[in-house]
Amino acid sequence: MIRLPVAGGSAFYELSPSKIVCIGLNYREHVKESKVFDNKQREVPTEPVLFAKTPNVLIGTGETIVIPAFLADYAFPEPRVDHEAELAVVISRRCKNVAEKDALSFVLGYTCFNDVSQRNVQKSDTSGWFRGKSFDTFGPVGPVLVPADRLRDPQALSISCRVNGVVKQSSSTSAMIFSVARLISFISKNMTLEAGDLICTGTPSGVSPIKHGDRVEVEIEGIGILTNDVTEEAAR
């Protein structure tokens, strides 16, 4: 569970999702660059690409992203853990088979998310992306929850990521292939969404490796800056 300050007041929201539903390949430029880390030429998807992260990934702003020590046992020639700046959506109440025109009425609020990804595992696991996306601390979220009625348009927000002050990602949520409303509608047809569930809407291009000692900042217009340092877990 993560306690997120609610923007515009003194309240806190206890984020404890039953599931974290993530969207892959939701920006065209990221579709192009994805070949770099999985050696596959991908087409622009015709429907949202869904995958899961587990709630153990969640940490707040100011907490540390920890790269697991056991990864060294694989002796990857080029180990790679990446940042992925994303707009995250918190669902307000249970919903199923939501029409796209009604979908935003099921949004409690918005926040920043960093879909931290271990690329070597993501590429090599037979089962797909699940494990490389779900290591402890691989889902920083925050710094606040902005209520839906305080955010003018989720499809018109600048989104960026900096590593040690250097801009790595810079885009707008207007570049999403599938809008927030479309994503909620599509996901709710596949599975029931519960109050507090988290939808992470995909990342723009510019993902890059992070390592021990780095500071990663995800910034979204109208929400703020999510800041996390990176460390490598001590060998046991």
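The values are calculated or read from the model by the stated rules, or taken from the named source; none is laboratory data. Every value quoted in this text rests on a predicted model; they were computed, and no experiment measured them. Note that we place each Cβ from the backbone using ideal geometry, even for glycine, and neighbour counts take in every protein chain shown.
Quick grid of which residues meet (1) more than 23 Å from D149 (Cα to Cα); (2) within 19 Å of the chain's Cα centre (by Cα):
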{"position": "E33", "(1), (2)": "yes, yes"}
{"position": "V49", "(1), (2)": "yes, yes"}
{"position": "I67", "(1), (2)": "yes, yes"}
{"position": "A85", "(1), (2)": "no, yes"}
{"position": "R94", "(1), (2)": "no, no"}
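Scan R182, R152, R162 and give me the residue that is in contact (Cβ under 8 Å) with a residue 12 or more places away in the chain, surrounded by fewer than 22 Cβ atoms within 10 Å (Cβ to Cβ) and in a loop (DSSP other than H, G, I, E, B).
Details: R182 fails: in a loop (DSSP other than H, G, I, E, B); R162 fails: in a loop (DSSP other than H, G, I, E, B).
Result of the check over R182, R152, R162: R152.
Regarding N39, is this residue more than 14 Å from the chain's Cα centre (by Cα), of a type in the set (S, T, N, Q) and modelled with pLDDT under 95?
Working: more than 14 Å from the chain's Cα centre (by Cα): yes; of a type in the set (S, T, N, Q): yes; modelled with pLDDT under 95: yes.
Yes: the conditions hold for N39.
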Inset, instruction - Filter the stretch 99-145 down to residues that are farther than 15 Å from D197 by Cα and of a type in the set (V, I, T) and give me whichever is farthest from the chain's Cα centre (by Cα). - result: T126
Inset, instruction - Considering every residue within the stretch 55-65, establish whether at least one is in a helix (DSSP H, G or I), under 15 Å from the mean Cα position of the chain (by Cα), modelled with pLDDT under 95 and not hydrophobic (A, V, I, L, M, F, W, C). - result: no
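Name the single residue that is surrounded by the fewest Cβ atoms within 10 Å (Cβ to Cβ) among those in the stretch 185-236 being hydroxyl-bearing (S, T, Y) and under 22 Å from I2 (Cβ atoms). Spell out the reasoning first.
First, the residues of the stretch 185-236 that are hydroxyl-bearing (S, T, Y): 185, 188, 192, 201, 203, 205, 208, 227, 231.
Add one more test, that the residue is under 22 Å from I2 (Cβ atoms), and what stays is 201, 203, 227, 231.
Numbers: T201: 27, T203: 29, T227: 20, T231: 14.
Once the filter is applied, the top-ranked residue is T231.
Quick one: in the stretch 1-31, which of the residues that are assigned to a loop (DSSP other than H, G, I, E, B) and out of contact with any strand residue (DSSP E or B) (no Cβ under 6 Å at 6 or more places or on another chain) is surrounded by the fewest Cβ atoms within 10 Å (Cβ to Cβ)?
If we take residues in the stretch 1-31 being assigned to a loop (DSSP other than H, G, I, E, B) and out of contact with any strand residue (DSSP E or B) (no Cβ under 6 Å at 6 or more places or on another chain), then S10 is surrounded by the fewest Cβ atoms within 10 Å (Cβ to Cβ).
Of the residues E219, E233, which single one is at negative phi, of a type outside the set (K, R), in contact with a helix residue (DSSP H, G or I) (Cβ under 8 Å, 6 or more places away or on another chain) and in contact (Cβ under 8 Å) with a residue 12 or more places away in the chain? It would help to see each step written out before you state the result.
Numbers: E219 fails: in contact with a helix residue (DSSP H, G or I) (Cβ under 8 Å, 6 or more places away or on another chain).
None of the other options fit; the residue is E233.
Quick one: is P204 within 26 Å of C95 (Cα to Cα) and modelled with pLDDT of 95 or more? Show your work before the answer.
Numbers: within 26 Å of C95 (Cα to Cα): no; modelled with pLDDT of 95 or more: yes.
No: the conditions fail for P204.
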Legend entry - Inter-residue pairs, beta-carbon under 7 Å, first under 24 Å from E217 (Cβ atoms) and in the stretch 47-61, second surrounded by fewer than 17 Cβ atoms within 10 Å (Cβ to Cβ), 6+ apart: N56/D136; V57/D136
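Condition check ((1) within 24 Å of V49 (Cβ to Cβ); (2) touching a Phe, Trp or Tyr at 6+ places or on another chain (Cβ under 9 Å)) across all residues:
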site	(1), (2)
G128	yes, yes
L157	yes, yes
V166	no, no
S174	yes, no
F178	yes, yes
F186	yes, yes
Inset, instruction - Give the stretch 78-96 a look and list any residue that's farther than 18 Å from I210 by Cβ and either out of contact with any helix residue (DSSP H, G or I) (no Cβ under 8 Å at 6 or more places or on another chain) or of a type in the set (S, T, N, Q) (or both), or say none. - result: A88, V90, S92, R94
Legend entry - Hits in the stretch 57-76 - residues which are surrounded by 13 or more Cβ atoms within 10 Å (Cβ to Cβ) and either of a type in the set (A, V, I, L, M) or under 16 Å from S117 (Cβ atoms) (or both): V57, L58, I59, I65, V66, I67, P68, L71, A72, F76
